[in-house]
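Here's the structure we're looking at; comments come further down.
The values are calculated or read from the model by the stated rules, or taken from the named source; none is laboratory data. Because the structure is a prediction, the values reported are computed rather than measured. Here Cβ is always computed from backbone atoms with ideal geometry, including for glycine, and neighbour counts include all displayed protein chains.
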Amino acid sequence: AQRVTQPEKLLSVFKGAPVELKCNYSYSGSPELFWYVQYSRQRLQLLLRHISRESIKGFTADLNKGETSFHLKKPFAQEEDSAMYYCALSGSGAGSYQLTFGKGTKLSVIP
Amino acid sequence: EAGVAQSPRYKIIEKRQSVAFWCNPISGHATLYWYQQILGQGPKLLIQFQNNGVVDDSQLPKDRFSAERLKGVDSTLKIQPAKLEDSAVYLCASSLGTGGFRHTEAFFGQGTRLTVV
């Protein structure tokens with residue numbers, strides 16, 4: 001079974017402060033990890049994926065297989081970063097690659 | 001490019017009634033997903049299609065939920081009869097789904113908010 005855990009429901013930080021959204025996963029094989037974001041009144045959309053190893057909107061995430069984590073980080077938070085963030089895992093199950101989401105963390109950046 | 005279209009946006013029904021949701025994926029996307037998102041939780045996969053075939057419906061409550069994908073394009077999700085606990089946002093998503101079904105970026109629709117009273 002595959003599972004994604006996001007321990008924080010809500011994270012509040014001041015503008016300019018560093019941000020770290022935590023994500024831990026459980027999966028027996030080799031997973032593919034993603035961060036999806038949902039801004040207010042907008043659709044859920046992909047933010048970044050671990051295989052791309054890129055920085056999007058200043059956010060980065062490193063897959064740590066030893067700690068089974070995929071935390072999302074940004075050195076300086078901006079007000080426009082306020083949104084719901086979902087960590088997701090793609091693994092194999094029932095012959096397909098399910099995309100399993102965590103419960104999400106609401107990031108609130110205080111001006 | 002045009003995004004994933006869903007209708008209706010909102011629906012209120014009484015328990016034991018039936019309801020249907022419609023999804024039009026991005027043109028050319030082989031994979032289509034239906035997710036259920038209950039308030040305060042992350043999206044939960046209900047069913048995944050590859051073209052017009054079901055590749056995963058392990059979390060679909062088959063006694064009351066059904067889904068089909070016509071000609072590998074549009075899809076409908078039906079609930080019959082509805083229960084109070086079915087109140088949620090139903091999200092449709094699509095992806096290219098090429099290369100051995102390995103997950104490619106999923107593009108989501110706006111969702112349908114269902115309230116069962």
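Scanning the range B:16-31 for residues that are touching a residue at least 60 places away in the same chain (Cβ under 8 Å) and either closer than 18 Å to B:V89 by Cβ or in contact with a Lys or Arg (Cβ under 6 Å, 6 or more places away or on another chain) (or both) returns B:V19, B:F21, B:C23, B:P25. Filter the range B:74-111 down to the residues that are at pLDDT 90 or above and within 9 Å of chain A (Cβ to nearest Cβ) and list them by number. Matches in the range B:74-111: B:L91, B:A93, B:F107, B:F108, B:G109, B:Q110, B:G111. Of the residues in the range B:31-54, how many are at pLDDT 95 or above and aromatic (F, W, Y)? Number of matching residues: 2.
Would you mind stating whether B:L60 is within 14 Å of chain A (Cβ to nearest Cβ), crowded, with 19+ Cβ neighbours inside 10 Å and assigned to a strand (DSSP E or B)? Answer is no for this residue. With respect to B:S75, determine if the residue is among the polar types (S, T, N, Q), touching a Leu at 6+ places or on another chain (Cβ under 8 Å) and in contact (Cβ under 8 Å) with a residue 40 or more places away in the chain. In short, yes.
Scanning the range B:37-52 for residues that are surrounded by 23 or more Cβ atoms within 10 Å (Cβ to Cβ) and part of a strand (DSSP E or B) yields a count of 3. Here A:R41 passes the criteria (1) within 14 Å of chain B (Cβ to nearest Cβ); (2) surrounded by fewer than 18 Cβ atoms within 10 Å (Cβ to Cβ); (3) not in a loop (DSSP other than H, G, I, E, B) except the one numbered (3). Based on this model, can you work out whether B:A30 counts as within 14 Å of chain A (Cβ to nearest Cβ) and either farther than 27 Å from A:K106 by Cβ or within 14 Å of the chain's Cα centre (by Cα) (or both)? Judged against the criteria, B:A30 is a match.
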